[in-house]
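To keep things clear, I will list the structure first and then write my remarks on it.
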Amino acid sequence: MSESESVVERARDGESNGESNGQRRVEHVTCLGCGLACDDITVVVRSARIAALERACPLGARWFGDGAVPRAIRVAGRDASIEEASGAAARIVASAERPLVYLAADLSCEAQREAAGLASRLGAMLDSVSSATVLPFVLAAQRRGRATATFGEIRNRGDVIVFWGVDPAERYPRFEERVAPEPEGMYVVGGRGGRTVIAVDVGDARGPARADRRMQVAAADEERALALARAAVVGRAVASEARGAEQPDTLAADAATLADTLAGARYAVIVHDAEPHPARTDDAAEGLLTLAQALNGPTRCALITLRAGGNRSGAEAVLTWRTGFPLAVDFARGAPRYRPLEGASRLLERGEFDAALILGMPRSVPGAMARSLGRVRCIAVGPRASENAFGAEVVIDTGVAGIHEGGTAVRADDVPLPLRPSLEGPASATQVLRELARALSALEPVATRAADAAR
Amino acid sequence: MSAAGQLRIVGGAIHDPANGVDGEVRDLCIRDGKIVAELPDDAPRLNARGMVVMPGGVDIHSHVASTSVNQGRLLQPEEHEVDPEPAPALVEGEPSYAGTGGTIPSTFTTGYRYAGLGYTTVFDAAVAPVAARSAHAQLDDTPIVDSGFFALLGNDDYLLRQIAAGERERARDYAAWLLGAAGAYAIKVVNPGGVALWKGGARDVNGLDAPVGSAAVTPRAILETLADAANALALPHAVHIHCNNLGVPGNSATTLESMRALSGRRAHFTHLQFHSYGGARDAGWRSGAAEVIAYVNANAEVSCDVGQVMFGPATTVTADAPVEYLLHASTGRRWLNMDIEMETGCGVVPYVYKETAAVAALQWVVGLELFLLASDPWRTVLSTDHPNGGSFMSYPRLIRLLMDRTYRDEQLARVNPHLLAGSALADGLAREYTLNEIAIVTRAGPARLLGLRDKGHLGAGADADVTLYSRDADTERMFATPRYVIKGGTLVVEEGQLRRAPAGRRLHVRPGYDAAITRGIERWFDRFGTVRFANYAVGALGDPPVPCG
């Protein structure tokens, strides 16, 4: 099935009322405004614009907008055809000594797969926005593992919910309504009334206002609070730091109370936020993971890591299955190497790259990185690529995955969902990347670069 | 040779047990991706004199393409760092992709390496239907092999509710709907009821008649319901069962009880090695292989794959999440758990089987005993439950263990003997598998058990999936390095080098069901799900379904 057929096909599947009064309703649309990826949105289309949304939260409404996107294709500032622009892009990356392929937000998994293939063929560094946000949790999980669940298990089983330094009402507006604590669950009768909500304020990062209990942790005490809680769960004391005997250790008492409540749950849930930048130290990340693991001794517990929008989790899933590593994958030697502690941003700052293929929404590229990109030859492919702030030499505007493009996205809990485009858009990112791959194949030396490096 | 081309394979010794051919030297003809009876004399030829010719390998039970497998990949960057796999140099500039290996290789590398062993069909044995989209995408990125997966159903909340209500017909219709919605090939049961209990806070199921939530829902009822569903729907493959109490001493009793519970029904029992331990929880381990395989030998409706343990690194990755918790708690190893809504669980623990370890040595022996005491190779499939008992890359060594008693006895002399008293292997098993028996347990048998009529044999009309090996007294080397591999008529391995990597086909079923049931399923999704009913099914796949019946 071609891309354009699939757009129409999927849109048709989703329409219940079809065209009437000059408007069209597309139902069961997946919103990528945040990592919750709510898939129950109805999009009302009038005159090829999004006229109304049902069930979308303010974040979602901002993400959908009216669906208007620019449709520029330019090479060195001049309008070009897709073939010309792809050819120019292929020549730039093929002639580069050290190319970067970077996955920003708002790409489908299908586009991410194409991008990973290009990076392998080019011998490029391949990285994504995840390196700038969730990295400490990825590394901690690679050291220790993790205990987690998909959202539905939280909804159906979670009876004690801890929001650790995150207020979902602000950052993930429909979490409380769709996951917990509000909805009734298979094993949680009465919904909100059947659950205990604990807000943990970590420094300025406050938990939800409407909590049954509250605990305050100074930002500097976060690791210790987590260690104390875990020690209480496994029945070991943590050596008390040198404190005056006159000063009771309230943190230890609070942590022990928290541990008791969690261990007394039928199914405990700890919710934290990995965005918009790494708010946790490596040790705090590991502390959260190991506390949740330890709680599976006395009871069941899942740690939920919330993620921002635009299919960021998809990039980790795709890179993992294509390369064995979730982010910061370097193909310079032919086969992939894992370079999480360096990452695209740091290597770019060091002047390592001479060309960059930036895919996805330019405004989701971290600020420091966007500034360094001004120093290298850039190609921008993605929604609003033409609005990039790094002076890209080749620009190809595409649609937004989930608004103009179909395919698949991955929810923050690793559940894959279909994307139902509601509007026709410019060429899809997947199509453009396939065109770019074809253009590369036409340039003989490139096809063998990775193989040469390997030899 | 192009896919539409012709090829006469000349002078090889054909091992095609499904057609009663055992090493006869004759030509094999291929046209348009199929085996044909004859070709014109001027058709291109491939000289196979001195070579052994078999159908392409068929892996009935592997883990290569689920979200759980991918979590296992993500967990272990260190094993990927030490096993880089550059992109193979394919002919005619066909793009190829670099990846990494280890116990869970990246997807392209998985396809290349399976093909490099002469395997051309692979099934992932455990996919949560809610994550089926991801499994299809991973299989799409696994080239060369035809592939499919089994859908996890043995702890599905909706199914358990139908059983509780005595609605076994509705349960069957639900299973049929689910297989089609997920694009799956067969019904998989993992620790029936045990994973649901784990998610609810319990640690164990106590026997086949222990209640799971409701008195009417027991492991026995789950097994009966799903075995009957698979048979009533005439699915090409029987229900694929991972029994309760995996990895626990004394579990052979549970396994035998499960087999008897399904007496007279077609059923496949998987990685039987992990379920064939004698002894008792507090009274140590011993082999229970002889009793378990004796039941299989005597009951033609039962089939199994072995799930051999091979010494070296492994990754235990399973929907049997409580087992992984126990492994983590007892070893302190890294542990991933993911409870998957309304359907199943997932656990991952990286592991190493050491020949110096008493339990690992016993597991190794139990697996070999199952192979060597099995009287019908057609119902005994070679597997390591990749990557649980070891990588699929260790199949050639396993084949040598089966074919070469001297080698096997040398290996046996090296392992920890602590738990081997009274074991049949320790007492001396002389059997050596023949080439035809290897052809049965690695291709003809699994193809037949999977209901793949065009695979696992070399008769006219079969898929032209063919592997050519150079004869070698070292059978491990022989099976590790096929000279030629042909997939669907395309020469993918030439002179031991991977040269082409066409996409494989997706193997899936779409059994019929009473359409009225979807209303109830939709209400169930609305009430408890977080994925819309309308967004659940994966939709049309690129390949037509394999017919049922």
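We did not get these values from a lab; they are worked out from the coordinates using the rules stated. All values reported here derive from a predicted model rather than from experimental measurement. Glycine also receives a Cβ, built like all others from the backbone with ideal geometry; neighbour counts cover every protein chain displayed.
Some points to look at:
- If you take all other residues with their beta carbon under 10 Å from the beta carbon of A:SER108, and give Lys and Arg +1 and Asp and Glu -1, the sum is -3.
- The stretch B:298-406 pair-distance distribution - Cα-Cα, 10 Å bins, rounded %: 14, 39, 31, 15, 1, 0
- Using alpha-carbon coordinates, inclination of helix A:250-263 to the longest axis of chain A, degrees: 80 degrees
- Prolate/oblate/rounded label for the stretch A:62-149 (Cα gyration tensor, a/c 1.5): oblate
- Tensor-based shape of the stretch B:409-545 (alpha-carbon gyration tensor, a/c under 1.5 rounded, otherwise prolate or oblate): oblate
- Rounded to the nearest angstrom and listed largest first, the equivalent-ellipsoid semi-axes of the protein assembly as shown from its Cα gyration tensor are 43, 37, 28.
- Scanning residues 5 or more positions from B:ALA126 or on other chains, those with amide H under 5 Å from its amide H are B:PHE150, with H placed 1.01 Å from N in the peptide plane.
- Distance (nanometres) between label positions extended 7 Å along Cα→Cβ at B:GLU495 and B:ARG333: 4.2 nm
- For B:ASP474, neighbours were defined as the other residues whose beta-carbon sits under 12 Å from its Cβ, and their charges (Lys and Arg +1, Asp and Glu -1) total +1.
- Relative contact order, whole percent, for chain B stands at 21, derived from Cα pairs under 8 Å and 6 or more residues apart.
- For B:LYS455, the lysines whose Cα comes closer than 22 Å to its Cα, not counting residues fewer than 8 places off in the same chain, are B:LYS34, B:LYS188, B:LYS487.
- Stokes-Einstein diffusion for the stretch A:119-165 at 4 °C, viscosity 1.567 mPa s, with a Kirkwood radius from C-alpha pairs, works out to 92 µm²/s.
- Ratio Rg/Rh, restricted to the stretch A:312-455 and using Cα atoms, in which Rh is the Kirkwood radius: 0.96
- Between A:ALA219 and A:ARG363, the C-beta separation translates, for a Förster distance of 41 Å, into a calculated FRET efficiency of about 0.90.
- Degrees between helix A:429-442 axis and first principal axis of chain A (Cα, 0 to 90, nearest 10): 50 degrees
- DSSP bridge pairs, the protein assembly as shown: antiparallel proportion in percent, nearest 5: 50 percent
- Set of the stretch A:64-91 residues, backbone N closer than 14 Å to the point 7 Å along the Cα-Cβ line of A:GLU424: none
- B:ARG414/B:ALA283 FRET efficiency (R0 25 Å; Cβ-Cβ; nearest 0.05): 0.40
- Our summary of shape: the Cα atoms of the stretch B:1-121 have principal axis extents of 53, 35, 25 Å, ordered from largest down, in whole angstrom.
- Its DSSP H runs of at least 4 residues, each contributing -39,500 (n - 2.57), put the calculated 222 nm mean residue ellipticity of chain A at -10500 deg cm²/dmol, to the nearest 500.
- Each 10 Å bin, from zero up to the one with the longest distance, holds this percent of the alpha carbon pairs of the stretch B:196-246: 24, 47, 25, 4.
- Compared with the rule-of-thumb size 2.2 N^0.38 Å for a compact globular protein, chain B has a Cα radius of gyration ratio of 0.92.
- The relative contact order of chain A comes to 25 percent, based on Cα pairs under 8 Å that sit 6 or more residues apart.
- Note on the stretch A:218-338: Cα Rg divided by 2.2 N^0.38 Å, N the number of residues, gives 1.34.
- Compactness relative to 2.2 N^0.38 Å, alpha carbon Rg of the stretch A:325-374: 1.16
- Average Cα contact separation per residue, the stretch B:132-242, under 8 Å, 6 or more apart, as relative contact order %: 30 percent
- Most simply put, chain B has about 60% antiparallel DSSP beta bridges, counting only bridges with both residues inside it.
- Principal axis box of chain A, alpha-carbon based, largest edge first, Å: 73, 60, 32
- Restricting the calculation to alpha carbons of the stretch B:475-518 gives Rg and Dmax of 18.9, 56 angstrom.
- Spin-label pair B:ASN47/A:GLU184, simplified geometry with 7 Å Cα→Cβ offset, distance in nm: 7.7 nm
- Along its three principal directions, the equivalent ellipsoid of the stretch B:142-184 from the Cα gyration tensor extends over semi-axes of 27, 10, 6 Å, largest first.
- Label reach from B:ASP204 (point 7 Å along Cα→C-beta): in the stretch B:256-289, amide nitrogens under 18 Å belong to B:256-258, B:275-286.
- 10 Å binning of all Cα-Cα separations within the stretch B:157-270, expressed as whole percents from 0 upward: 14, 48, 33, 4
- Modelled FRET efficiency - R0 25 Å, B:ALA294 with B:THR434, Cβ distances, 0.05 increments: 0.65
- Net lengthening on full extension, B:ALA426/B:GLU24 (0.36 nm per residue, minus Cα-Cα): 141.2 nm
- Antiparallel bridges, percent of DSSP beta bridges restricted to chain A (to nearest 5): 40 percent
- With helices as the sole contributors, chain B gives -9000 deg cm²/dmol at 222 nm; each DSSP H run of n ≥ 4 counts as -39500 (n - 2.57), and the sum is divided by every residue.
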